[in-house]
Amino acid sequence: MEREKLYIFDTTLRDGEQTPGVNLTVDEKVQIAKQLERLGVDVIEAGFAVSSPADFEAVRRIAKEVRNSTVCSLARAVELDIKTAWDALKEGHRVRIHTFIATSDIHLKYKLRMSREEALKRAVEAVRLIREVSEGRAEVEFSAEDAGRTDLKYLAEVVEAVIEAGAQVVNIPDTVGYAVPDEWYERILYLKENVPNIDRAIISVHCHNDLGLATANSLMAVKAGARQVECTINGIGERAGNAALEEVVMAVKVRSDQFPVYTDIDTKQIYKTSQLVSRLTGLLISKTKPIVGDNAFAHESGIHQHGVLACRETYEIMRPEDVGLSESKIVLGKHSGRHALEAKLKEMGIELPPEKLDEAFRKFKELASRKKEIYEIDLELLVEGLEGRGEKTYKLLYNQAVSGEGVIPSATVKIETPVGEKLGLAVGNGPVDATYKAIKNALGLGEEVQLKDFKIRALTAGTDALAEVFLTIESEGIRVSGRGVDPDIVRASALAFVEALNRLAKRRERK
């Protein structure tokens with residue numbers, strides 16, 4: 001199968017920022033744009049330059065600083081919009097102006113109050129103006145807004161006219177997410193077969209997710225001949241959002257037997273990009289979100305866990321490493337089986353003889369029937385119950401931390417050890433970080449002990465709530481957990497760390 005390039009047009013910084021409640025600063029937009037460039041996005045729609053001074057500045061800076069992706073600004077089919085977009089883009093390396101006008105009868109009648117002929121004339125004038133003001137330096141993309149509800153013959157007429165005027169990309173948006181996949185396929189195919197000059201432009205699609213069909217519609221458009229997909233990271237955007245970049249890219253990669261295209265996306269950057277956008281926009285990612293959700297590569301069912309442990313391909317159609325994750329997750333719960341428990345214990349550095357493993361599995365099942373999620377600390381306690389707790393090697397006698405505005409965070413700790421009391425001092429990025437470094441200094445520990453996981457929660461309400469800290473550390477292939485509870489968050493964190501170090505010492509003795 002001869003493969004053609006599928007261009008990925010990312011509109012996270014324009015349509016994505018239109019998500020209610022999202023307001024990115026210029027610096028945050030630049031940060032995301034640079035990560036999109038590392039991801040390998042072909043076109044970054046950096047904003048709507050005429051909409052605000054901040055959007056203008058974001059487009060201008062991104063155009064200047066991004067070198068490997070085309071930088072684009074949206075512009076209505078209005079002279080002021082187009083000239084403002086060019087002013088923002090003109091210092092850029094590779095730039096595009098994306099102009100649009102609505103073409104559906106409902107938009108023409110109630111929003112624009114113009115005839116089909118007037119809209120067609122405005123579209124052609126806008127495309128010509130872009131070429132004129134940029135002296136041919138800016139690529140030209142034209143969108144027929146609400147193309148999904150536009151009369152097909154009229155849509156074909158508009159597309160033909162803007163290509164003749166100089167548009168290099170013609171975008172067919174399902175602006176309100178109304179289309180269904182087979183209908184959308186037929187619409188794109190109709191344009192490909194009935195617009196005489198369609199071979200002079202790239203057909204693009206921009207699908208919204210109001211009916212949950214944005215990715216499916218985008219993929220059907222690719223099958224019909226579209227060679228650019230407009231999408232956003234995590235599928236964010238107006239109302240229910242847009243086609244998700246990670247879904248479109250991984251679909252054409254995993255199902256290459258169905259799609260005769262390739263992308264230049266570095267898929268190992270997907271998870272990192274997703275997390276960055278989530279953090280800066282404040283939009284949490286659903287655990288069950290395809291590709292990037294916490295559960296996308298997680299398995300709890302005993303049947304699934306057994307299969308994945310035997311051969312990953314039994315239940316995983318792509319590798320977590322392909323999207324930038326280190327490994328699949330075996331989630332322990334009431335549906336988990338003996339194989340999963342044994343594998344998790346080995347991962348933690350615990351190997352039990354068969355009779356002890358049988359007893360551990362029975363106790364695990366009893367615990368799992370009462371708890372929604374089993375943490376590593378639960379397994380530590382379970383194994384300790386089988387083997388006996390023994391004496392603690394270390395005891396936290398004293399801790400103090402100082403932090404605040406204009407103060408370098410520092411900590412002092414005193415630890416009781418088998419050879420006497422040890423004092424530790426350290427500075428860090430915050431009071432907890434400084435405390436952990438102070439504990440390490442007191443015990444003569446270095447980088448061989450690494451913090452792998454840290455969780456904190458309030459056990460009660462109010463400012464005097466008890467803080468509960470769970471953490472996991474790893475050293476020389478042994479993973480152990482600790483738990484600490486105290487009204488003081490820093491002390492709770494210190495108690496959890498010392499408890500984990502006690503378990504580490506005991507595990508090393510057993511080895």
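Conditions first: (1) in contact with a Lys or Arg (Cβ under 8 Å, 6 or more places away or on another chain); (2) under 21 Å from residue 434 (Cβ atoms). Residue 486 passes all but one, so which condition is the exception?
Here residue 486 meets the rest and fails (1).
Name the residue that is modelled with the lowest pLDDT, counting only residues in the stretch 313-369 that are open to solvent by less than 30 Å² (accessible area, probe 1.4 Å) and among the small types (Gly, Ala, Ser).
By that ranking, first place goes to 328.
Which one of these does residue 215 not meet: (1) farther than 16 Å from residue 180 by Cβ; (2) under 18 Å from the mean Cα position of the chain (by Cα); (3) assigned to a helix (DSSP H, G or I)?
For residue 215, the exception is condition (1).
From the list 198, 163, which one is modelled with pLDDT of 95 or more, surrounded by 20 or more Cβ atoms within 10 Å (Cβ to Cβ) and of a type in the set (Val, Ile, Thr)?
Working: 198 fails: surrounded by 20 or more Cβ atoms within 10 Å (Cβ to Cβ).
So the residue among 198, 163 that is modelled with pLDDT of 95 or more, surrounded by 20 or more Cβ atoms within 10 Å (Cβ to Cβ) and of a type in the set (Val, Ile, Thr) is 163.
Among 407, 413, 449, which is the only one that is on the phi < 0 side of the Ramachandran plot, of a type in the set (Val, Ile, Thr) and open to solvent by 20 Å² or more (accessible area, probe 1.4 Å)? Steps first, answer last, please.
Values: 413 fails: open to solvent by 20 Å² or more (accessible area, probe 1.4 Å); 449 fails: open to solvent by 20 Å² or more (accessible area, probe 1.4 Å).
Testing whether each residue is on the phi < 0 side of the Ramachandran plot, of a type in the set (Val, Ile, Thr) and open to solvent by 20 Å² or more (accessible area, probe 1.4 Å) leaves just 407.
What pairs can you find where one residue is in the stretch 261-276 and more than 21 Å from residue 226 (Cα to Cα), the other is of a type in the set (S, T, N, Q) and part of a helix (DSSP H, G or I), and their Cβ atoms are less than 8 Å apart, with a gap of 6+ or different chains?
Qualifying pairs under 8 Å: 269/35; 272/35; 273/35; 274/234; 276/31; 276/35.
Of all residues being in contact (Cβ under 8 Å) with a residue 40 or more places away in the chain and surrounded by fewer than 24 Cβ atoms within 10 Å (Cβ to Cβ) in the stretch 23-62, which is farthest from the chain's Cα centre (by Cα)? Just the residue, please.
Filtering the stretch 23-62 for residues that are in contact (Cβ under 8 Å) with a residue 40 or more places away in the chain and surrounded by fewer than 24 Cβ atoms within 10 Å (Cβ to Cβ), the one farthest from the chain's Cα centre (by Cα) comes out as 42.
For the stretch 231-262, what are the residues that are in a loop (DSSP other than H, G, I, E, B) and either farther than 18 Å from residue 178 by Cβ or basic (Lys, Arg) (or both)?
First pass over the stretch 231-262, keeping only residues in a loop (DSSP other than H, G, I, E, B): 236-241, 243, 255-260.
Within the stretch 231-262, 236, 239, 255, 256, 257, 258, 259, 260 qualify.
For the stretch 243-266, what are the residues that are over 14 Å from residue 290 (Cα atoms) and touching a Gly at 6+ places or on another chain (Cβ under 9 Å)?
263, 264, 265, 266
Could you pull out every one of the strands (runs of 3 or more DSSP E) wholly within the stretch 409-502 that has 2 or more residues that are within 30 Å of residue 343 (Cα to Cα)?
Values: elements: 420-427, 450-458, 467-475, 478-486.
Per the criteria, 450-458, 467-475, 478-486.
Being under 18 Å from residue 138 (Cα atoms) and touching a Leu at 6+ places or on another chain (Cβ under 9 Å) is true for just one of 33, 63. Which residue is that?
Values: 33 fails: under 18 Å from residue 138 (Cα atoms).
Unique residue meeting the criteria: 63.
I'm trying to understand the selection: among the residues of the stretch 146-159, which are touching a Leu at 6+ places or on another chain (Cβ under 6 Å) and not in a helix (DSSP H, G or I)?
Of everything in the stretch 146-159, nothing turns out to be touching a Leu at 6+ places or on another chain (Cβ under 6 Å) and not in a helix (DSSP H, G or I).
Taking the stretch 418-431, which residues are closer than 17 Å to residue 405 by Cβ and surrounded by 18 or more Cβ atoms within 10 Å (Cβ to Cβ)?
Narrowing the stretch 418-431 to residues closer than 17 Å to residue 405 by Cβ: 427-431.
Passing the criteria: 428, 431.
For (1) open to solvent by less than 10 Å² (accessible area, probe 1.4 Å); (2) in contact with a His (Cβ under 8 Å, 6 or more places away or on another chain), each residue gets a yes or a no:
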site	(1), (2)
67	no, yes
81	yes, no
87	no, no
90	no, no
94	no, no
108	yes, no
111	no, no
119	yes, no
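Output the residue which, of all residues in the stretch 224-262 that are open to solvent by 30 Å² or more (accessible area, probe 1.4 Å) and in contact with a helix residue (DSSP H, G or I) (Cβ under 6 Å, 6 or more places away or on another chain), is farthest from residue 287 (Cα to Cα).
The first filter runs over the stretch 224-262 and keeps only residues open to solvent by 30 Å² or more (accessible area, probe 1.4 Å), leaving 227, 238-240, 247, 253-258, 260, 262.
Now narrow it down to the ones that are in contact with a helix residue (DSSP H, G or I) (Cβ under 6 Å, 6 or more places away or on another chain): 238, 247.
Details: 238: 21, 247: 15 Å.
Out of the qualifying residues, it is 238.
Run down 176, 133, 124 and say which single residue is closer than 26 Å to residue 212 by Cβ, aliphatic (A, V, I, L, M) and open to solvent by 10 Å² or more (accessible area, probe 1.4 Å).
So the residue among 176, 133, 124 that is closer than 26 Å to residue 212 by Cβ, aliphatic (A, V, I, L, M) and open to solvent by 10 Å² or more (accessible area, probe 1.4 Å) is 176.
Given the structure, is residue 183 free of Cβ contacts under 8 Å to residues at least 12 places away in the same chain and out of contact with any Pro (no Cβ under 6 Å at 6 or more places or on another chain)?
Numbers: free of Cβ contacts under 8 Å to residues at least 12 places away in the same chain: yes; out of contact with any Pro (no Cβ under 6 Å at 6 or more places or on another chain): yes.
Yes: the conditions hold for residue 183.
Inspect the stretch 140-154 for any residue being touching an Asp or Glu at 6+ places or on another chain (Cβ under 8 Å), within 19 Å of residue 122 (Cα to Cα) and among the aliphatic types (A, V, I, L, M) and give the result as yes or no.
yes
Only one of these is among the acidic types (Asp, Glu) and under 31 Å from the mean Cα position of the chain (by Cα): 448, 416, 421, 499. Name it.
Values: 416 fails: under 31 Å from the mean Cα position of the chain (by Cα); 421 fails: under 31 Å from the mean Cα position of the chain (by Cα); 499 fails: under 31 Å from the mean Cα position of the chain (by Cα).
Of 448, 416, 421, 499, the one residue that is among the acidic types (Asp, Glu) and under 31 Å from the mean Cα position of the chain (by Cα) is 448.
The values are calculated or read from the model by the stated rules, or taken from the named source; none is laboratory data. Quick caveat, the model's predicted, so the values are computed rather than measured. Cβ coordinates were reconstructed from backbone atoms using ideal geometry, including for glycine residues, and neighbour counts include every protein chain displayed. Keep in mind that these areas ignore ligands, DNA and RNA; they rest on the heavy atoms of the full protein, side chains included. Shrake-Rupley method; radii C 1.70, N 1.55, O 1.52, S 1.80 Å.
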